[in-house]
Amino acid sequence: MHALSRWDSPVETLAYMLRERGLYLVTAESCTGGLIAAACTSIAGSSDWFERGIVSYSNEAKTELLGVSAALIAKHGAVSAEVARAMAEGALAHSPADLSLAVTGVAGPSGGTAAKPVGTVWLALARRGEPAQATLLQLKGDRAEVREQTVDRALQMALAALRS
């Protein structure tokens with residue numbers, strides 16, 4: 001792959017950094033429905049660094065595919081730091097990847113509450129052997145805009161982790 005330039009997109013930069021380090025990424029997505037994985041696999045040669053994407057839209061899928069405890073979901077809600085971290089850790093546990101990105105949120109237009117309005121999104125990142133870290137986003141816009149912003153922020157989160 002080419003050397004990085006300042007014009008590279010976040011996903012191109014992520015691809016370069018993962019490939020250079022010999023690392024693989026797995027995604028676990030709820031409200032984005034696979035858009036992070038789609039962004040990653042839009043790049044030719046992504047099989048060199050993208051391991052798999054898991055779309056766990058329902059609570060049952062989070063439990064079955066990622067091992068997220070149903071009790072954890074019942075206690076904190078699917079849109080929570082706890083569930084996002086469990087999704088990220090579960091994605092690593094169910095793949096040989098080195099790094100995971102997980103996202104769960106309320107993209108809208110419905111589904112929001114006073115406590116978790118539309119645009120509430122939890123992103124989590126985990127590295128193998130380390131606990132996952134979660135970040136709360138409060139995004140504005142319609143469903144498509146919330147999902148697009150979430151993808152961008154997830155890619156930026158992965159880049160920040162690789163740069164640290």
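Here, each number is a calculation from the coordinates, and none is a lab measurement. Computed from a predicted model, the values in this text were never measured in an experiment.
Here are some notes:
- Helix axis angle, 143-163 relative to the chain longest principal axis, alpha carbon, degrees: 50 degrees
- Between 0 and 90°, nearest 10: helix 81-93 axis offset from the chain longest Cα axis: 50 degrees
- Our estimate of slack between ASP8 and GLU20, defined as 0.36 nm per intervening residue step minus the Cα-Cα distance, is 2.8 nm.
- Euclidean distance of C-alpha centroids, the range 4-71 and the range 116-164, integer Å: 12 Å
- Antiparallel DSSP beta bridges within the chain, percent to nearest 5: 55 percent
- Prolate/oblate/rounded call for the range 28-142, Cα gyration tensor, a/c under 1.5 rounded: oblate
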